[in-house]
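All remarks here apply to the structure that follows.
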Amino acid sequence: MNYTEEMLKGIIEWDIETWKKCIKFFDQNISFTSDMKCLEIGGRRGGMSLWLALNGCRDILCTDYFDNTEIAFKNHKNFKIDFIKYNKLDVTNIDVKNKYDLIVFKSVLGGVGYNDNKTNQEKAIQEMYNALKPGGKLLFAENLTASKLHSFCRKRFIPWGNKWRYVTVKEISEMTSQFKNKKYRCYGFFSAFGRNEFQRKILGKLDNVLDKFIPDKSKYIIFAVLEK
């Protein structure tokens with residue numbers, strides 16, 4: 001699908017030049033059908049629910065731990081989408097099994113692991129695994145620990161930088177070991193240092209050029225498509 005700039009802003013929200021790579025990755029690895037039962041986790045603004053809707057999915061539940069779904073509703077309304085359902089949900093206690101064809105999230109695990117709570121992150125992944133139907137897929141884009149420079153700048157310049165629990169590639173591999181047919185892609189280095197969207201866009205284009213020279217352990221985003 002060809003996405004307009006307005007669509008990408010509605011889906012990604014910030015650091016669009018870099019994070020939009022996850023959408024391309026997902027599109028390459030998913031075949032959509034209108035009857036898919038879909039769940040978005042941590043959808044404060046409902047960006048991933050919007051992406052699902054734009055690709056023809058019609059059975060979508062947009063959830064967030066905090067009851068902020070009116071923000072997602074307004075975002076979806078801008079695109080004349082009125083069939084998405086909304087609810088509050090704790091990802092560490094989904095409490096359903098074998099229900100969803102697709103579960104999606106973007107930039108959620110760090111908050112789930114607030115105050116260095118790795119156990120919560122592991123539990124969240126397991127709950128999502130349990131909630132998927134056999135053959136269902138978990139799709140996500142998540143912030144990585146990345147380089148020492150990233151860690152320093154987060155702690156120095158981001159208000160929640162000391163509380164958010166960034167994950168490593170190794171941890172993601174361990175937390176998702178129960179899945180089969182796993183596909184991962186790490187991306188992004190320079191754009192994380194942009195102080196506004198214009199700077200992030202310029203630095204994101206630099207990432208496009210230098211991506212193949214930067215080791216995965218130094219990149220700050222991981223994209224994943226995992227099949228149960």
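Readers should treat all values here as calculations from the given coordinates under stated rules, not as data from a laboratory. Note that the coordinates shown come from a computational prediction; the quantities given were computed from them, not determined experimentally. Cβ placement follows ideal geometry from the backbone for every residue including glycine, while neighbour counts extend to all protein chains displayed.
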Cα gyration tensor category, rounded, prolate or oblate, for the range 147-228 with a/c compared to 1.5: oblate
Other-chain or far-sequence residues with amide H under 5 Å of VAL167's (modelled H): THR145
Selected from LYS205, LYS133, LYS80 as most flexible by GNM, with the chain as the system and alpha-carbon contacts under 10 Å: LYS80
Per residue, the convex hull volume that the Cα atoms of the chain enclose (Å³): 119
Helix-only [θ]222 nm of the chain, DSSP H runs n ≥ 4, -39500 (n - 2.57) each, per residue, nearest 500: -11000 deg cm²/dmol
GNM flexibility winner over the chain from GLY43, GLY110, GLY161 (Cα, springs under 10 Å): GLY161
Zone residues, the range 179-195, relative to LYS118, backbone N less than 19 Å from point 7 Å out along Cα-to-Cβ: 179
Cα→Cβ-extended label distance, 7 Å offset, between GLU227 and LYS170, nm: 2.9
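In this model, which of LYS97/LYS123; LYS123/LYS170; LYS20/LYS183; LYS85/LYS118 are farther than 26 Å apart at the alpha-carbon?
Too far apart for the 26 Å limit: LYS85/LYS118.
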ASN98/ASN2 FRET efficiency (R0 30 Å; Cβ-Cβ; nearest 0.05): 0.30
Sites SER177 and LYS80 - FRET efficiency at Förster radius 35 Å, r taken between beta-carbons, to 0.05: 0.25
Inter-site label distance for TRP160 and ASN130 at 7 Å from Cα along Cβ, in nm: 2.5
Under 10 Å, Cβ to Cβ, from LEU8 - net charge with Lys/Arg +1 and Asp/Glu -1: -2
Neighbourhood net charge (15 Å Cβ-Cβ; Lys/Arg +1, Asp/Glu -1) for ARG165: +1
Cα-based reach from LYS77 at 19 Å (exclusive), listing aspartates and glutamates while leaving out same-chain residues under 8 positions away: GLU5, GLU6, GLU13, GLU40, ASP59, ASP64, ASP67
Loop-located chymotrypsin sites (Phe, Trp or Tyr not before Pro) in the range 165-202 whose Cβ has at most 10 other Cβ within 10 Å (DSSP): none
Cα pair distances exceeding 14 angstrom across the range 108-167, given as percent: 60
Zone residues, the range 6-23, relative to GLN199, backbone N less than 15 Å from point 7 Å out along Cα-to-Cβ: 15-16
